Amino acid sequence: MHVAALTLDLHLPQSRSLKAKRAIVRPILEGARHRFSVAAAEVSHQDQWQRAGLGVAAVASTPSHVTEVLDRVERFVWSFPEVEVVSAERRWLEAAP
């Protein structure tokens, strides 16, 4: 079993309220969950209007499949014009045999 997590730090320059922020972030998280079968959540900056920290986790039988899924998720997030990706970081998690 191979597990990796992708952390995305986003800037939402058009957001003027937490409600507006949620309207931008929700389709990203739900789209990632449904299209790529990953776990996804807003994990930081919940109280800031123009920032969002997203976490995405993927599990697969091969490392190449995990890498492919997270690559596709990252491209999906970059495809939203109202979002600026400040940083993206991947971490591989050790799984017990």
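No lab work stands behind these numbers, since they all come straight from the coordinates. All of these numbers come straight from a predicted model, not from anything done at the bench. So basically every Cβ, Gly included, is an ideal-geometry build from the backbone, and we count neighbours across all protein chains shown.
Give me the number: length gained by fully extending E94 to F36, i.e. 0.36 nm times residue separation minus the C-alpha to C-alpha distance, one decimal in nm. Display every interim value, and only then the final one.
Details: separation 58, 0.36 × 58 = 20.88 nm, distance 2.17 nm.
Here the answer is 18.7 nm.
Compute the convex hull volume of the Cα atoms of the chain, divide it by the residue count, and report the result per residue in Å³ as a whole number.
Numbers: hull volume 7.9 nm³, N = 97.
Enclosed volume per residue, from the Cα hull, is 82 Å³.
How far, in nm, would the chain grow between T67 and V85 when pulled straight, counting 0.36 nm per residue and subtracting the alpha carbon separation? Don't skip to the answer; put the middle values down first.
Values: separation 18, 0.36 × 18 = 6.48 nm, distance 1.88 nm.
This chain segment gains 4.6 nm when fully extended.
Determine the distance separating the Cα centre of segment 39-95 from the Cα centre of segment 10-29; give it in Å without decimals.
Taking the Cα centre of segment 10-29 as reference, the centre of segment 39-95 is 16 Å away.
Taking the Cβ of E30 as the center, what net charge do the other residues with Cβ under 14 Å away carry, scoring Lys and Arg +1 and Asp and Glu -1?
On the way: positive: R22, R26, R33, R35; negative: E42.
So the environment of E30 carries a net charge of +3.
What is the sum of charges, Lys and Arg at +1 and Asp and Glu at -1, for the other residues whose Cβ falls under 11 Å from the Cβ of V73? All intermediate terms of the calculation are to be shown ahead of the outcome.
Details: positive: R33, R35, R72, R75, R90; negative: E68, D71, E74.
Local charge sum for V73: +2.
What nm distance separates the two modelled labels at S44 and T7, each placed 7 Å from Cα along Cα→Cβ?
Calculated label separation equals 0.5 nm.
Output the 0 to 90 degree angle, nearest 10, between the alpha-carbon long axis of helix 18-36 and the longest principal axis computed from the alpha carbons of the chain.
20 degrees
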